[in-house]
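Beneath this line is the structure, given in structure tokens, with notes to follow.
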Amino acid sequence: MATRIEPRDPLTQAQGVEHGYAQTARRWPSQPLVRRPHGAAELSGPRDLAHKLPPIAGKNAGDLAGTGAKRALGQLVRLRIRVLDEDGAPLPGTVVEVWHCNSAGKYIHPNDTHDAPVDPNFYGAARLLTGDTGLIELRTIKPGAYPVPDTGGWWRPPHVHLSVWGRVWLSRLVTQMFFPGDPLNEHDAILNAVRDPEARERCIARLAPTARGPADALVYEYQLVVRGRKTAPRMP
Ligand SMILES: [Fe+2]
């Protein structure tokens with residue numbers, strides 16, 4: 001079925017070129033856009049995405065933290081992320097990719113030059129499929145903050161990268177989830193590239209009451225809207 005690609009809202013989506021975030025100048029078009037009709041394949045594929053991109057580290061619920069001698073270092077958390085449409089209806093069967101750095105702020109990636117240790121028990125990436133209520137649940141450790149090289153003191157606050165696949169290739173949404181109360185949130189060039197404060201607030205997870213949660217982990221709940229006015233801001 002063909003899907004309409006929504007225009008970008010400049011208030012609730014990130015600015016194209018953001019002062020203090022040099023990479024945006026390379027990622028944003030420097031020339032006026034040229035309109036090109038989308039082809040049938042772009043607007044109707046892929047078929048059977050959940051088989052092409054099968055779950056990794058769990059199905060609806062995943063584990064990146066490990067246990068015992070294989071337990072990753074850091075504060076144990078459970079992320080409960082619900083994927084919703086513009087009416088708040090859950091989107092079951094949605095492929096969601098999740099990745100974040102370890103508790104020292106280090107990614108296992110050749111581009112990560114931060115002098116922080118790799119955790120041998122932490123890989124940091126999962127791919128899950130939302131259940132009937134649109135929910136994925138990930139047991140992991142809280143990511144650390146890390147400095148962004150050559151920026152004169154910009155530190156990324158703890159955050160979790162999320163990629164949500166829609167029904168067509170062009171409707172993939174890549175965004176980031178933040179943790180409540182972190183003082184680095186208000187200085188983060190990526191979060192603050194979204195000008196609307198309510199849209200920024202929607203990027204921040206909610207800490208569930210600890211009395212209701214498991215004894216060994218803090219639970220963070222997050223709603224990720226994929227369409228409409230409350231669409232999660234696109235972030236790298
Ligand atoms: Fe990151």
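Just checking the listed ones, 124, 134, 68: in the Gaussian network model of the chain with Cα springs under 10 Å, the one fluctuating most is 68. For the chain, what class follows from the C-alpha gyration tensor (a ≥ b ≥ c being the square roots of its eigenvalues): rounded when a/c is under 1.5, otherwise prolate if a/b is larger than b/c, else oblate? The shape class here is oblate.
Simple spin-label estimate for residue 109 and residue 170 gives 2.7 nm between the two label positions (7 Å along the Cα-to-Cβ direction from each Cα). Each label was represented as a point 7 Å from its Cα along the Cα-to-Cβ direction; for residue 11 and residue 230 these points are 1.6 nm apart.
Mind checking which of 34, 160, 226 has the largest fluctuation in a GNM of the chain, springs on alpha carbons under 10 Å? Result: 34 has the largest fluctuation of those listed. Picking from 104, 125, 215, which is most flexible by a Gaussian network model of the chain using Cα springs under 10 Å? Of 104, 125, 215, the Gaussian network model singles out 215 as fluctuating most. Please compare each pair in 70/106; 52/142; 106/142; 59/230 to a cut-off of 24 Å on the Cα-Cα distance and tell me which ones are over it. Over 24 Å Cα-Cα: 52/142; 59/230. Look at where the Cα atoms of segment 26-82 and of segment 112-149 average out, and the two centres are 12 Å apart. Rounded to 0.05, the FRET efficiency of the residue 154 and residue 195 pair, given R0 = 25 Å and the Cβ-Cβ distance, is 0.85.
Mind checking the full-extension length gain between residue 59 and residue 118? Use 0.36 nm per residue of separation minus the Cα-Cα distance, one decimal, nm.
Full-extension gain reported as 18.6 nm.
A 1.4 Å probe run over the chain, with the rest of the protein chains in place, finds 56 Å² accessible per residue.
So what is the relative contact order for the chain, in percent, with contacts set as C-alpha pairs under 8 Å and at least six apart? Taking the mean separation of contacting Cα pairs over the length of the chain, I get 26 percent.
For residue 163 and residue 182, the difference between the fully extended length at 0.36 nm per residue and the C-alpha to C-alpha distance is 4.6 nm.
Roll a 1.4 angstrom probe over the protein heavy atoms and tell me the percent of accessible area of segment 77-236 that is carbon or sulfur.
Numbers: 3860 of 7380 Å².
The computed percentage sits at 52.
The values are calculated or read from the model by the stated rules, or taken from the named source; none is laboratory data. What you see is a predicted model; the values in this text were computed from it and never measured. Because the Cβ atoms are built from the backbone with ideal geometry, glycine has one as well, and the counts that use them run over all protein chains shown. Remember, those area values only see protein heavy atoms, side chains included, never the ligands or the DNA or RNA. Shrake-Rupley method; radii C 1.70, N 1.55, O 1.52, S 1.80 Å.
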